[in-house]
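The values are calculated or read from the model by the stated rules, or taken from the named source; none is laboratory data. This one's a predicted model, so the numbers in the text were calculated from it and none came from an experiment. Here Cβ is always computed from backbone atoms with ideal geometry, including for glycine, and neighbour counts include all displayed protein chains.
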Amino acid sequence: MRAAASTVDGLPTAAADGSVAQWTDRYTHAVMDTFGPPQRVLVRGEGPYVWDADGNRYLDLLGGIAVNSLGHGHPTLTAAISAQLGTLGHVSNFFGSPTQIAFAERLLQLAQAPDGSRVFLTNSGTEANEAAFKLARRTGRPRILALEGAFHGRTMGALALTHKAAYREPFEPLPGGVEWVPFGDVAALEAALAPGDVAALFVEPLQGEAGVLPLPPGYLAEARRLTARHGTLLVLDEVQTGMGRTGSWFAHQLPHIGGGVVPDAVTVAKGLGGGFPVGALLAFGDSTASLLGRGQHGSTFGGNPVASAAGLATIGVIERDGLLEHVTGLGARLRRRILDLDTPLVEAVRGEGLLIGIGLSAPVAPAVASRALAAGFIVNPVNPTSIRLAPPFVLTDEQAGTFVDFLAELDPAEVAA
Ligand SMILES: *Cc1c(COP(=O)(O)O)cnc(C)c1O
């Protein structure tokens, strides 16, 4: 006997209904042009691979922008999501669920957050930063600092923290009081904090959207010392760097990055749900966690049991399969192999774990990325001179090696043309 119909009209089944060209045409008529036309229309994924509607396979070295940490179609994640949806899919925040509670506890434990710390669950990174922005406002202090080059999201509050003028200016007026301090400049930070009226400093341990830029060694520790002295909250935006991406649960836990800092708040999203939309604000210690009081923030979907199950399953697989060690080892080997290439194209390799920026000797990143795509590799030209890689943690050395071989054979003259 057939179970109750497991599909309905209107759900496309893989590529059945058209080619990449046909889907792309439909996309442009139905989906807003904010992202430009899609590079390909993808229909299926498995492990580190995805397939487009024409049947072409790609090695996904971007992982949905640091999201698909377990790769595509992971059986444990899929089962956890399905089981939770079939048990209890959603409840309002008038109610709690064991999955939500266990997820919040697990995040605090991974972050080694002190007693009294608490979590606000969101659906995305920008919302996690939005919550942190509101929390910072509750200090009553007027100024907020972020770093030049910072990216914190696209909703109005998170956008107000984002440095790139082209993202912000069309949407002004934005929430006020935000200033940017020069990247990695301790003296400038000290001067900006000195008046004692700064609510919070927002920092990415590595700036992802700026091209995978690490902070100068010691900067975070100095930022912690100075913010503590002036009563300013230190908010670490680990939306891109967190949840194992750098080989540690959080980038600031790496001794050479964080130097043992204990922040006041951390935001996460991207890899948190292994591909399921979920984010979180972790507030460290009771006094910070209490800044947002009853009724002062909310979210219909935040804490959704299915999203929480996705987070718990993703964390569980990373732990069970020893993926943090794999990310550290593979990341180091991959960065070394790219750096050792005998090509004038590659000038530098930056990053930690599997968040990698390849610095090019000329502004040819878009051309390199489009050659890569044609050869079956998804990478991201994060700026004109940098290629970003943020592949699934399940990537093997052999699979990564196929991209190194591609780079080795790429003719610099061809991409310069
Ligand atoms: C991607 C990103 C965000 C925004 O997250 P969304 O889920 O796209 O809203 C914020 N901060 C950093 C550092 C990011 O990389």
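Below, the figures for the structure above:
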item	result
Identity of the residue in segment 215-272, part of a loop (DSSP other than H, G, I, E, B), away from the ligand (no atom under 13 Å from the Cβ) and of a type in the set (Gly, Ala, Ser), that ends up farthest from residue 314 (Cα to Cα)	231
Hits in segment 117-163 - residues which are within 11 Å of the ligand (Cβ to nearest atom) and among the polar types (S, T, N, Q)	122, 123, 124, 126, 129, 155, 162
Within segment 1-116, strands (runs of 3 or more DSSP E) holding 2 or more residues that are in contact (Cβ under 8 Å) with a residue 60 or more places away in the chain	57-60
Residue list for segment 273-287, filter: assigned to a helix (DSSP H, G or I) and surrounded by 24 or more Cβ atoms within 10 Å (Cβ to Cβ)	273
Selected residue (only one of 166, 194 is under 16 Å from residue 223 (Cβ atoms), away from the ligand (no atom under 16 Å from the Cβ) and surrounded by fewer than 17 Cβ atoms within 10 Å (Cβ to Cβ))	194
Criterion violated by residue 236 - all others in (1) surrounded by 24 or more Cβ atoms within 10 Å (Cβ to Cβ); (2) closer than 25 Å to residue 384 by Cα; (3) without any contact (Cβ under 8 Å) to a residue 40 or more places away in the chain satisfied	(2)
Counted residues, segment 197-211 - those being aliphatic (A, V, I, L, M) and either within 14 Å of the ligand (Cβ to nearest atom) or touching a Pro at 6+ places or on another chain (Cβ under 7 Å) (or both)	3
Close pairs (6 angstrom Cβ cut-off, 6 or more residues apart or separate chains): farther than 14 Å from residue 308 by Cβ and among the small types (Gly, Ala, Ser) in segment 269-284, part of a loop (DSSP other than H, G, I, E, B) and within 11 Å of the ligand (Cβ to nearest atom) anywhere	271/67; 271/245; 275/67
Filter result for residue 338 (within 27 Å of residue 253 (Cβ to Cβ), surrounded by fewer than 23 Cβ atoms within 10 Å (Cβ to Cβ) and modelled with pLDDT of 95 or more)	yes
Contacts under 8 angstrom Cβ, first residue in segment 124-151 being assigned by TED's automatic domain parsing to the domain that holds residue 176, partner basic (Lys, Arg) and within 11 Å of the ligand (Cβ to nearest atom), 6 or more apart	125/270; 126/154
Subset of segment 257-284 (residues that are at pLDDT 95 or above and more than 25 Å from residue 99 (Cβ to Cβ))	257, 261, 262, 263, 264
Qualifying residue in segment 299-320 (condition: in a strand (DSSP E or B), touching a residue at least 12 places away in the same chain (Cβ under 8 Å) and crowded, with 21+ Cβ neighbours inside 10 Å)	no
Scope segment 140-168; condition in contact with a Gly (Cβ under 8 Å, 6 or more places away or on another chain) and of a type in the set (Val, Ile, Thr); matching residues	144, 162
